[in-house]
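Note sheet for the following structure.
No value in this document is a laboratory result; all are computed from the given coordinates. Given the structure is predicted, the values throughout are model-derived calculations rather than measurements. Cβ: placed from backbone, ideal geometry, glycine included. Neighbour counts: every protein chain shown.
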Ligand code: SF4
């Protein structure tokens, strides 16, 4: 089945006005073959489009339509990518997917490594599954920014970490992307003794040479679950080890700031927590461009919360609450709750730290806490009227935890109303005070964040198109040929992705 087949047409959209129908397949746009969502988004940007369509009976027709430049056509396809997502053929020593318990839903074991998802959704890719044709297409279409899981620039070390003989080519591909004007945000999953120390130093130096093509680098500690049977031996960072990585990265960042005007490399919050050091000050994060990797997340939460707290009057009497969160964020959130209580003594609630029994207690992020752990660890407690949890405990766009326990099941088991709270200090404060969103809170609460995603995607696409200089490019090959050169690959570098 063609995945460029139209599933639905939005009412009132340019596509509906032009008479496009569900069941038709989009073959070409302005003479360009449409292979997937990248081609589709890119070539439908223009104001005047000539669409080649094939109907279910094989008949072909051409439709000409006009719309505003950049306006969405209003077509929805069988899959978001208009193609199958590519899975990963690496076998990384630290892969989080390999450390998941058996028996979870099938989709959680999928290892994606898809350049299109990197551009459209911010996923991290390893570049090990890109054919020459695909590399060229990324450069031709100015697919930027993309997120790259680097791990190490030393080819031997990277091959060893990813267990893929093509892994050593990463830096060469990144050089070509940088020369083509593509921006890359990078991630290094640091494993003690494997890619820190001198290897990390070389990685930072090599990536800095690609600046401004390389825009930012996050160094995050490896996440290890209790399900590592049969996998190679890896250690978590000790407080001393974490402190050494911080010192090394901060020294490099200070030099980079002098030389380039940007620190370029940051350690994630987890390193500071493990080393028992305070999180860096807000200005250090230069706009918080690496939040996805947990860089500056706690500092931003605190800063947003403090700003929002300024507008609290102090005479509110909100309903009582409990906040359940992971080991990593609990102390920060508890401190913020105390600050709110100091300003508003009527506030009734507390923070409860949930240990991760499901994956193992070395996993401390809130996003990997399961419904079962919530129920087991809160069952005996007095929770007040509302149980606040970070929204990232739930699966994206679903009211269900990682272990398939639903919000309703947790509510029934604990006898409390569960309130998912967006990862935002203003939203947290509003949740403490039980602000009714219809009356307007300090920030908008979007439970699954899909509106933001759409905005980001549109913006990324606008940027990409603006950079396109209109040069003719080689026609993409038919899908069969195109993907023959792209063996499947993946993602999920670490916990919480
Ligand atoms: S999903 Fe990511 S971490 Fe796992 S093997 Fe693939 S590239 Fe490596």
(request) For region 90-199, would you read off the P(r) tail past 22 Å as a percentage of all alpha carbon pairs? (result) 34 percent
(message) Run lengths n ≥ 4 of DSSP H only: what is the helix-derived mean residue ellipticity at 222 nm for the chain, with -39500 (n - 2.57) per run over all residues, to the nearest 500?
(response) -9500 deg cm²/dmol
(request) Please report the relative contact order for region 68-157, taking Cα pairs under 8 Å with a sequence separation of at least 6, and give it as a percent rounded to a whole number. (result) 24 percent
(message) Under the 0.36 nm per residue contour assumption, what length would be gained going from the current alpha-carbon distance of residue 104 and residue 79 to full extension?
(response) 6.7 nm
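Mind ranking 25-37, 393-405 by how tightly packed they are, going by the mean number of other C-beta atoms within 10 angstrom, highest first?
25-37, 393-405
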(message) Return the equivalent ellipsoid semi-axes of region 245-290 as a descending list in whole Å, where each equals the square root of 5 times an eigenvalue of the C-alpha gyration tensor.
(response) 18, 12, 8
(message) Quick check on the exposure proxy: order 219, 265 from fewest to most C-beta atoms within 10 angstrom.
(response) 265, 219
(message) On the Cα set of region 174-222, report Rg and Dmax in Å, please.
(response) 11.4, 34
(request) Assign one of three labels to region 239-384, namely rounded, prolate or oblate, based on the Cα gyration tensor with a ≥ b ≥ c the square roots of its eigenvalues; rounded applies when a/c is under 1.5, prolate when it is not and a/b is larger than b/c, and oblate otherwise. (result) oblate
(request) Sort 40, 124, 272, 109 so that the residue with the fewest other Cβ atoms within 10 Å of its own Cβ comes first and the one with the most comes last. (result) 109, 272, 40, 124
(message) Between residue 313 and residue 348, what is the label-point separation in nm under the 7 Å Cα-to-beta-carbon projection?
(response) 2.0 nm
(request) Given the peptides 183-193, 319-329, arrange them by the average over their residues of other C-beta atoms within 10 Å, most packed first. (result) 183-193, 319-329
(request) Over region 1-160, calculate the relative contact order: mean separation of alpha carbon pairs under 8 Å at least 6 apart, over the residue count, as a percent. (result) 19 percent
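Where Rh denotes the Kirkwood radius from the mean inverse Cα pair distance, what is Rg over Rh for region 336-405?
On the Cα set of region 336-405, Rg over Rh gives 1.01.
Packing-wise, with mean Cβ within 10 Å as the measure, how do 94-100, 301-307 rank, highest first?
Result, highest mean Cβ count within 10 Å first: 94-100, 301-307.
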(request) Could you tell me the largest-minus-smallest coordinate of the C-alpha atoms of region 1-140 on each of the three principal axes, in descending order and whole angstroms? (result) 52, 35, 27
(message) At 20 °C and a viscosity of 1.002 mPa s, what translational diffusion coefficient does Stokes-Einstein give for the chain, taking Rh as the Kirkwood radius over Cα pairs? Give it in µm²/s as a whole number.
(response) 87 µm²/s
(request) Report, for the chain, the % of DSSP beta bridges that are antiparallel, rounded to 5. (result) 40 percent
(request) May I ask you to derive the relative contact order of the chain, considering only C-alpha pairs under 8 Å and at least 6 residues apart, and to give it as an integer percent? (result) 15 percent
(request) For the chain, find the longest principal axis of its Cα atoms and tell me its angle to the long axis of helix 198-209, 0 to 90°, nearest 10. (result) 50 degrees
(message) Taking the number of other C-beta atoms within 10 Å as the exposure measure, put 211, 266 in order starting with the fewest.
(response) 211, 266
